[in-house]
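Scroll down for the structure; my scribbles are underneath it.
Bear in mind these aren't lab numbers, they're just calculated from the coordinates by the rules spelled out. Everything quoted here is computed from the prediction, not taken from an experiment. A quick note on method: Cβ atoms are made from the backbone with ideal geometry, for glycine too, and the neighbour counts reach across all protein chains shown.
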Amino acid sequence: MNYEPKDMTILVVDDTPENISILGDFLIDYNIKVATSGQKALKLAESSNLDLILLDIMMPEMDGYEVCRKLKHNPNTKDIPVIFLSALTEVKDKVTGFHLGAVDYITKPFQIEEVKSRIETHLSLSTYRKRLENINEELERMVNERTQQLFVEKNKAEEASKLKSHFLALMSHELRTPMVGILGFSEVIYEASNTDLIKDYAENLNKSATRLNETLSSILNFSALQAGKQTADLHPVNLGDYVAKIIQKHVKYAKIKGLTVNTSSIEKINTLTDYTMLGMIVNNVMNNAIKYTIEGSITVDIYSELRQNNLFDCISIKDTGIGIDKSQHQKIFEDFRQADEGFNRSFEGVGLGLSIVKQYVELLNGFIELESEPGKGSNFKLFFPHISNISFEEEELGTEKQLKIPEKKYKILIVEDNQLTIELEKLYLKEFGEIIDVDGGYAAIEQAKKIRFDAVIIDVSIGQGISGLDVIKEIKKINGYENTPIIAFTAYAMDGDKEFILNGGATHYLP
Ligand code: ADP
């Protein structure tokens, strides 16, 4: 028995007092209520908390069937188990009883022991059912509560993700803008100075700023990767020429350290890749190769190789540096991890470079292999799926294009709210002709209406008022500006910004 009889209330419905008395005596352990008519039974069922009804069929005014029908129609009483007690023994009487929703049917004269054990069975069943219902209700409540919580959390996560993206875009803009000033002016000072000492200072300033800029780019790229905001933007490229061009920039720094850079067997391979990602990948691995090599050389090879029946293009960057212990080979590709950690580490860095490299290589559907031994050097092999039959007009890659100073004098409009950037742009462009800057977007539109400029260089974010993109749209509407180059010079340099700005009407994008 899964219940206490004293906690159970049974209603006995019978118009014969003797029957009631017999049952009452026998069910003494239970809480018994009595009704001598159908009407009374319905009233009691509605007002008391009943666990079972023993219902006689043959009663005057309202018979047991009618009582049962009414009980089962009432939402408050429909779940109370009903056992018919009747002298009617025909099968059809029993079937009618069951059809009406009774749980059992006992014929009179009854064996009191039989009645008792059937009562026990049905009370047990109904107790289990109630418990199940309670558990169900509790579960439903918990599920609803959790669904509600998840809904709130989902909204919070979406909000946080939006804030994060906004924060990234803002940081990218706010941190990159002053970097333009520092990097640009250090170059200007270098060029303008006749003194070796000042040139040295300017170079040192530029080196520090470059390092800061690289760290900043790593953090911004890392955050953008974390936010899932990076996708590969594939374009055809001659891999060998493109990598050779990147490597070229490192040769100078390698030389300063007394290292040689060999680019012996660079094959001509045309492929599809994301220039920016591939640039970041090769720059990072090259930087490390130079950084972690004290003497010797760095050798860059590009070739195609079969791996499990698939052809891959491989960029191998091999150094004769300090090498990496096998136990660290996995760790160094994790976020913020370095082979040598702690306050007495021998090399600077934030430990993000290789983590970004790995993620970019994977976004380009490639993989990395590392061969390295302490004291013997390292070979980082970057594999990318080989793509055949790519033809395109080859750009002249691998050589820096020399800037030609034009003979004609141009009129160029600068729309920019950062004074340092304006000055820098004017310095860079002074040979080109007349450079005019304006304060704000509306002034830019007015100026463009007055003077027919040959080009417009515009910051996308120009402070209060009209946005840079709206200014571009307005200028393009002015007669004579249909084919004028409008160059967006912007610190918005996250993934997707370029497309957004070019779709907004700029003809060129200069991050
Ligand atoms: P960082 O160079 O900023 O510390 P990276 O993620 O680029 O971060 O590299 C992680 C670690 O991998 C480095 O700290 C260094 O211990 C190790 N490492 C990377 N490249 C080389 C290399 N060419 N030779 C030796 N160790 C390297």
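General remarks:
- In Å, descending, principal axis extents of the Cα set of segment 44-178: 102, 30, 28
- Members of Lys450/Lys477; Lys33/Lys116; Lys257/Lys376; Lys411/Lys476; Lys207/Lys331 lying beyond 20 Å, as alpha-carbon distances in this model show: Lys207/Lys331
- Put in line by how crowded their Cβ is, counting other Cβ atoms within 10 Å and starting with the fewest, Leu88, Leu382 read Leu88, Leu382.
- Antiparallel beta bridges, as assigned by DSSP with both residues in the chain, represent about 45 percent of the total such bridges.
- Along each principal axis, Cα extent of segment 139-237, largest first, Å: 81, 33, 15
- Total charge dipole magnitude, the chain, about the Cα centre, Cβ charges on Lys, Arg, Asp, Glu only, Debye to nearest 20: 780 debye
- In the chain, taking the dipole from charged Cβ atoms about the Cα centre, the farthest positive-side position among Phe333, Leu170, Gly505 is held by Gly505.
- Using R0 = 22 Å, the C-beta based FRET efficiency linking Lys376 and Val251 works out to 0.40.
- Cross-link pairs beyond the 29 Å C-alpha cut-off, checked among Lys252/Lys498; Lys426/Lys473; Lys249/Lys358; Lys6/Lys92; Lys245/Lys318: Lys252/Lys498; Lys6/Lys92
- Qualifying GluC sites (Glu not before Pro) in segment 246-332, DSSP loop, other Cβ atoms within 10 Å at most 10: Glu295
- Distance in nm between pseudo-label sites at Ala87 and Asn389 (7 Å out along the Cβ direction from Cα): 9.8 nm
- Neighbour counts of other Cβ atoms within 10 Å put Lys477, Lys245, Lys318 in the fewest-to-most order Lys477, Lys245, Lys318.
- Nearest 10 degrees, 0 to 90: helix 468-477 Cα axis against the chain principal axis: 70 degrees
- Cβ-defined net charge surrounding Leu55, 10 Å radius [Lys, Arg +1; Asp, Glu -1]: -3
- Net dipole in debye of segment 251-343 [+1 Lys, Arg Cβ; -1 Asp, Glu Cβ; about Cα centre; nearest 20]: 260 debye
- Legend: P(r) of segment 1-40 from all alpha carbon pair distances, 10 Å bins from 0, whole percents, reading 30, 50, 18, 2.
- In degrees, nearest ten, helix 196-226 long axis to first principal axis of the chain (Cα): 20 degrees
- Put in order of Cβ neighbour count within 10 Å, fewest first, the listed residues Leu125, Leu225 become Leu125, Leu225.
- Cβ-Cβ FRET estimate between Leu212 and Lys326, R0 fixed at 35 Å, reported to 0.05: 0.55
- Value in Å of the Kirkwood radius, where the chain supplies the Cα pairs that are averaged: 31.0 Å
- Helix-only CD estimate at 222 nm, as mean residue ellipticity for the chain, using -39500 (n - 2.57) per DSSP H run (n ≥ 4): -15500 deg cm²/dmol
- Cα coordinate range in segment 223-329, projected on the principal axes (Å, largest first): 36, 35, 30
- Between segment 120-151 and segment 471-502, the Cα center-to-center distance that results, in Å: 62 Å
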